[in-house]
């Protein structure tokens with residue numbers, strides 16, 4: 001899996017990059033099919049009434065679906081943690097939905113075998 005870190009209006013330090021890579025390892029454990037994770041970091045100009053000035057966007061590419069999570073927080077590290085937890089929830093939801101569909105089709109196939117003509121068997 002490839003991790004790409006992009007930023008707008010800020011410099012990505014090595015500590016920030018290593019923290020992002022550490023957080024994205026959680027995503028690899030859940031979905032081995034994830035081909036690429038793009039992390040876009042952005043610092044929004046601070047206003048007096050906007051305490052949420054750091055924005056993180058995760059774009060996770062898995063075959064058949066792309067998952068996008070955007071989170072904002074006061075601290076960049078908090079935004080990264082929030083985005084990671086959101087991505088974990090979305091990946092788990094995607095995996096469980098896929099498993100449910102697989103089980104449903106398996107039950108239907110087994111029911112078709114049982115309903116088959118007994119004279120043929």
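Just so you know, all these numbers are worked out from the coordinates, no wet-lab data involved. Note that the structure is predicted; figures quoted are calculated from it, not measured. Methodologically, a virtual Cβ is constructed for each residue, glycine included, from the backbone with ideal geometry; neighbour enumeration extends over all protein chains shown.
Overview of values
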quantity: Cα long-axis angle, helix 76-114 against the chain (0 to 90 degrees, to the nearest 10); calculated: 10 degrees
quantity: Computed FRET value (nearest 0.05) for residue 98 with residue 12, which takes r as the C-beta separation and R₀ as 25 Å; calculated: 0.15
quantity: DSSP-defined antiparallel bridges as percent of all bridges, the stretch 2-114, nearest 5; calculated: 70 percent
quantity: Of every Cα-Cα pair in the chain, the percent that sits beyond 25 Å; calculated: 40 percent
quantity: Contact order relative to length of the chain, as percent, for alpha carbon pairs under 8 angstrom and 6 or more apart; calculated: 21 percent
quantity: Extension gain, residue 112 back to residue 28 (0.36 nm per residue minus Cα-Cα distance, nm); calculated: 26.5 nm
quantity: Highest-first arrangement of 66-76, 6-16, where packing means the average Cβ count within 10 Å; calculated: 66-76, 6-16
quantity: Angle in degrees between helix 14-30 and the longest Cα principal axis of the chain, rounded to the nearest 10; calculated: 10 degrees
quantity: Zero-based 5 Å bins, Cα pair distances in the stretch 52-94, whole percents; calculated: 6, 26, 30, 18, 12, 7, 1
quantity: Extension reserve of the residue 2-residue 21 stretch, reckoned as 0.36 nm per residue once the Cα distance is removed; calculated: 5.9 nm
